[in-house]
Amino acid sequence: MQHFYKKALVALIFLVLADLLLASFFIHQSFLTFFLLPADKDGARWHYRTYTDVATGGSSTILSDPGRDRIRFDFKLTDAARYPYVATELMLDDQNGRQTHLDWSKYTTITFLAKCAPSGSMTMVISTFDDKISKPGKLETYPSPGTYFSCNRHGVPVSLDITRMFIPEWWLSSMRLDLSQQGYILNKVAKIVFGTGSATPRNVDSYVEISDVILHGRDYRYIAALLAILLASCGAFALWFFRAHTRALAASLESKLKKDLPLVAYRQLTLEPYKDKEKALVLRFIATNYTNANLDLDAVVAGTGANRHKVNEVLKAELGMTFSSYLNKLRLTEAARLLAEKGTATMAEIAYSVGYASAPYFNKLFKEEYGCTPKSFRSISTQQDQPAEAPPPEPPGPSVGALG
């Protein structure tokens, strides 16, 4: 069995290493990233557009300086309008110049580097089409959740949760929607907007630069696939281990039973007559009375007339065992034979028939001797084409005569 356990350990280590490699690959694949810039790729492009508060009576100015890998605009807010603002928006067009949408539903976070001077806070807004509310091409009907972020001239790494932004109350009111309807879906994103906020400094020449704009998300299908593979590999290993362990245990039991053959029926030490009749008497008495539950060393002494020292000397010299070890060996070997041959006998019946008054105690000794319970031993024995048999405890005729 030691060889089998070593083999199983090597297989388990290999399986764990393989699963770790698969886990690292699938977990890595589950992390999604999408670079929004450069602006032109995959047959679509971001179309830059700026707007200010001029339409509402303001005089704020903005000058856009777009690049392939960044968004930059210089501006100056004035107090002419009640709500002064400037913004740059990135609208997505297809290769034919028509408005199109991006599916961001797998993404949860957007990160970018935000530089500005003077330092302050800016806003980011996402405009997304809603099948129930929006009208195609009319961006004013698109839900536009947004949030604030900070920036300075050195650059602030920004990370925003795009699933938990807020839709302005004025937009909900204009669409005659309840103010609690803050839910939105990012499966049809039409544009993103970077603009000023209420705390942006006024009457100061300012600029904003946004770079390294990346979407992040998770694709949990990879995690589900990983779990399925891990469960399948563990199940396959468990099935292999059970079957291989059963075969190895059966082979080990068969080998052990064959090894025990010389010890059954007081080992049949020789076919030649014993000169030491007292020794022969001790061995024969134990072999013919081992099924007696009350058999102990004192009973052997009383039944043979030999003293305790002589009984122990015989067993040590001839068998290398103590009295109790040899007695259990005889009983358990006979129990193994009965288990293999008598499929209808209960465990308790077999225990009592070989000299054990307690079935639990018999089970404990049997498992210590054979490495499995009597019930498992019987199951394994019935699976073998030729189950190993132990000879009966009574010696054949010639030996009995020899020991007489």
Checking the conditions here, which among ARG82, ARG98 is basic (Lys, Arg) and over 24 Å from LEU37 (Cα atoms)?
ARG82
Name every residue in the range 164-198 that is loosely packed, with under 12 Cβ neighbours inside 10 Å and aliphatic (A, V, I, L, M), in order of residue number.
LEU179
Residues (surrounded by 12 or more Cβ atoms within 10 Å (Cβ to Cβ) and either without any contact (Cβ under 8 Å) to a residue 40 or more places away in the chain or in contact with a helix residue (DSSP H, G or I) (Cβ under 9 Å, 6 or more places away or on another chain) (or both)) located in the range 90-101
MET91, GLN99
When you scan the range 43-62, do you find a residue that is at negative phi, surrounded by 15 or more Cβ atoms within 10 Å (Cβ to Cβ), among the charged types (D, E, K, R) and under 51 Å from the mean Cα position of the chain (by Cα), even just one?
yes
Filtered residue count, the range 278-311, keeping only those that are part of a helix (DSSP H, G or I) and surrounded by 12 or more Cβ atoms within 10 Å (Cβ to Cβ)
21
Leading residue by the ranking (surrounded by the most Cβ atoms within 10 Å (Cβ to Cβ)) among those in the range 102-148 that are outside any strand (DSSP E or B) and basic (Lys, Arg)
LYS106
Take the residues of the range 74-122 that are of a type in the set (A, V, I, L, M, F, W, C) and touching a His at 6+ places or on another chain (Cβ under 9 Å): which is nearest to PRO201 (Cα to Cα)?
LEU90
Return yes when ARG68 is charged (D, E, K, R), at pLDDT below 90, in the same structural domain as LEU160 (by TED's automatic domain parsing) and within 24 Å of LEU139 (Cβ to Cβ) and no when it is not.
no
Those residues of the range 182-208 which are of a type in the set (A, V, I, L, M), outside any loop (DSSP other than H, G, I, E, B) and within 19 Å of LEU172 (Cα to Cα), in sequence order:
VAL189, ALA190, ILE192, VAL193
Anything in the range 298-330 that is out of contact with any Asp or Glu (no Cβ under 9 Å at 6 or more places or on another chain), touching a residue at least 24 places away in the same chain (Cβ under 8 Å) and closer than 22 Å to ALA359 by Cα? List them, or say none.
TYR326, LEU330
Filter result (part of a strand (DSSP E or B) and touching a helix residue (DSSP H, G or I) at 6+ places or on another chain (Cβ under 9 Å)) within the range 151-179:
none
Condition (residue is over 22 Å from LYS188 (Cβ atoms) and not in a strand (DSSP E or B)) applied to the range 31-42: is it met by at least one residue?
yes
How do the helices (runs of 4 or more DSSP H) wholly within the range 331-404 filter down when requiring 3 or more residues that are closer than 21 Å to ALA248 by Cα and at pLDDT below 90: which remain?
359-370, 374-383
Taking the stated definitions as given, is ASP161 modelled with pLDDT of 95 or more, more than 17 Å from ILE71 (Cα to Cα), surrounded by fewer than 16 Cβ atoms within 10 Å (Cβ to Cβ) and not small (Gly, Ala, Ser)?
yes
State which residue is surrounded by the most Cβ atoms within 10 Å (Cβ to Cβ) when the search covers only the range 226-244 and only residues that are among the hydrophobic types (A, V, I, L, M, F, W, C) and within 15 Å of ILE13 (Cα to Cα).
PHE237
Per the filter on the range 20-42, residues exposed (fewer than 15 other Cβ atoms within 10 Å of the Cβ), modelled with pLDDT of 90 or more and not hydrophobic (A, V, I, L, M, F, W, C) are SER24, HIS28, GLN29, THR33
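The values are calculated or read from the model by the stated rules, or taken from the named source; none is laboratory data. From a predicted model like this one, the values you see are computed outputs, not experimental measurements. Virtual Cβ from ideal backbone geometry, glycine too; neighbours counted across all protein chains shown.
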